[in-house]
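Enquirer: If you scroll down you'll find the structure; I have some questions about it.
The values are calculated or read from the model by the stated rules, or taken from the named source; none is laboratory data. No experiment lies behind these values; they were computed from the predicted model shown. In this analysis, Cβ positions are derived from the backbone assuming ideal geometry, glycine residues included, and neighbour counts consider all displayed protein chains. These area figures cover heavy atoms from the full protein model, side chains too; ligands, DNA and RNA do not enter into them. Shrake-Rupley method; radii C 1.70, N 1.55, O 1.52, S 1.80 Å.
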Amino acid sequence: LLASVWMTRSAYGLALEQDKGFATTRVQYEALLNAPEPTLRALCEALSLPYSPAMLSGEGYSHHNPTSLVGSPPDASRALAWQHDLSAREIEIFEALTHDYLAMLGYECASPTLPRPPSNTEKAWMLLQDAFAFLYDSVRR
């Protein structure tokens with residue numbers, strides 16, 4: 001389900017890019033992590049906002065989830081965190097569900113061949129994990 005959430009959320013931004021009456025600026029996650037200052041400066045310029053070095057530290061921003069990275073300074077190592085946070089099969093499933101979308105956005109798949117889609121059992125397990133994660137987050141709030 002993470003794959004469908006990611007595709008849906010990024011699709012909203014892509015749809016806005018196509019709307020000629022709506023100005024958009026695309027920020028690639030990896031650029032924000034690997035070159036945070038120039039990326040933030042360009043974003044601020046596009047939004048007609050003043051740039052502040054405090055933006056790099058997340059200073060003044062608090063978040064209710066203590067395990068969240070929101071409000072933390074950009075960390076370049078996070079750009080490739082998925083490679084060690086996910087199993088090879090989890091990566092394959094993600095790429096099976098997002099293969100064409102990844103290519104459209106200029107990303108290369110880690111799988112050398114067309115990935116094998118999730119089985120019905122894997123789909124059920126993912127739904128169960130998502131349901132437990134939702135309940136856990138609801139209780140923590």
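Enquirer: Scan Thr113, Thr121 and give me the residue that is out of contact with any Pro (no Cβ under 9 Å at 6 or more places or on another chain) and modelled with pLDDT of 90 or more.
Expert: Thr121
Enquirer: Out of the residues in the range 56-77 meeting the condition of being of a type outside the set (Val, Ile, Thr) and open to solvent by 80 Å² or more (accessible area, probe 1.4 Å), tell me which one is modelled with the lowest pLDDT.
Expert: Among residues in the range 56-77 that are of a type outside the set (Val, Ile, Thr) and open to solvent by 80 Å² or more (accessible area, probe 1.4 Å), the one modelled with the lowest pLDDT is Pro66.
Enquirer: Can you find, within the range 6-43, the residue that is farthest from Thr98 (Cα to Cα) among those that are touching a helix residue (DSSP H, G or I) at 6+ places or on another chain (Cβ under 9 Å) and β-branched (Val, Ile, Thr)?
Expert: Per the criteria, the residue is Thr39.
Enquirer: Could you tell me which of the residues Ala96, Ala42 is modelled with pLDDT of 90 or more and closer than 18 Å to Ser4 by Cβ?
Expert: Ala96
Yes/no matrix, rows are residues, columns are (1) under 21 Å from the mean Cα position of the chain (by Cα); (2) over 19 Å from Pro73 (Cβ atoms):
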| position | (1), (2) |
| --- | --- |
| Ser4 | yes, yes |
| Met7 | yes, yes |
| Ser10 | yes, yes |
| Ala15 | yes, yes |
| Gly21 | no, yes |
| Thr25 | yes, yes |
| Glu30 | yes, no |
| Glu37 | yes, no |
| Arg41 | yes, no |
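Enquirer: Moving to a separate point now. Here are some residues: Arg116, Arg41. Which one is of a type outside the set (A, V, I, L, M, F, W, C), in contact with an Asp or Glu (Cβ under 8 Å, 6 or more places away or on another chain) and either open to solvent by 60 Å² or more (accessible area, probe 1.4 Å) or in a helix (DSSP H, G or I) (or both)?
Expert: Being of a type outside the set (A, V, I, L, M, F, W, C), in contact with an Asp or Glu (Cβ under 8 Å, 6 or more places away or on another chain) and either open to solvent by 60 Å² or more (accessible area, probe 1.4 Å) or in a helix (DSSP H, G or I) (or both) holds for just one of Arg116, Arg41, which is Arg116.
Enquirer: Kindly provide the set of residues from the range 1-38 that are assigned to a loop (DSSP other than H, G, I, E, B), under 30 Å from Met126 (Cβ atoms) and modelled with pLDDT under 85, ordered by number.
Expert: Within the range 1-38, Leu1 is the sole residue that qualifies.
Enquirer: Right, another one. Surrounded by 11 or more Cβ atoms within 10 Å (Cβ to Cβ), touching a Pro at 6+ places or on another chain (Cβ under 7 Å) and under 30 Å from Pro118 (Cβ atoms): is that true of Glu95 in this structure?
Expert: Answer is yes for this residue.
Enquirer: Another question, then. Quick one: is Ala46 farther than 26 Å from Leu128 by Cα and open to solvent by 50 Å² or more (accessible area, probe 1.4 Å)?
Expert: yes
Enquirer: If only one of Leu105, Leu80 is open to solvent by 50 Å² or more (accessible area, probe 1.4 Å) and either of a type in the set (Gly, Ala, Ser) or at pLDDT 85 or above (or both), which one is it?
Expert: Leu80
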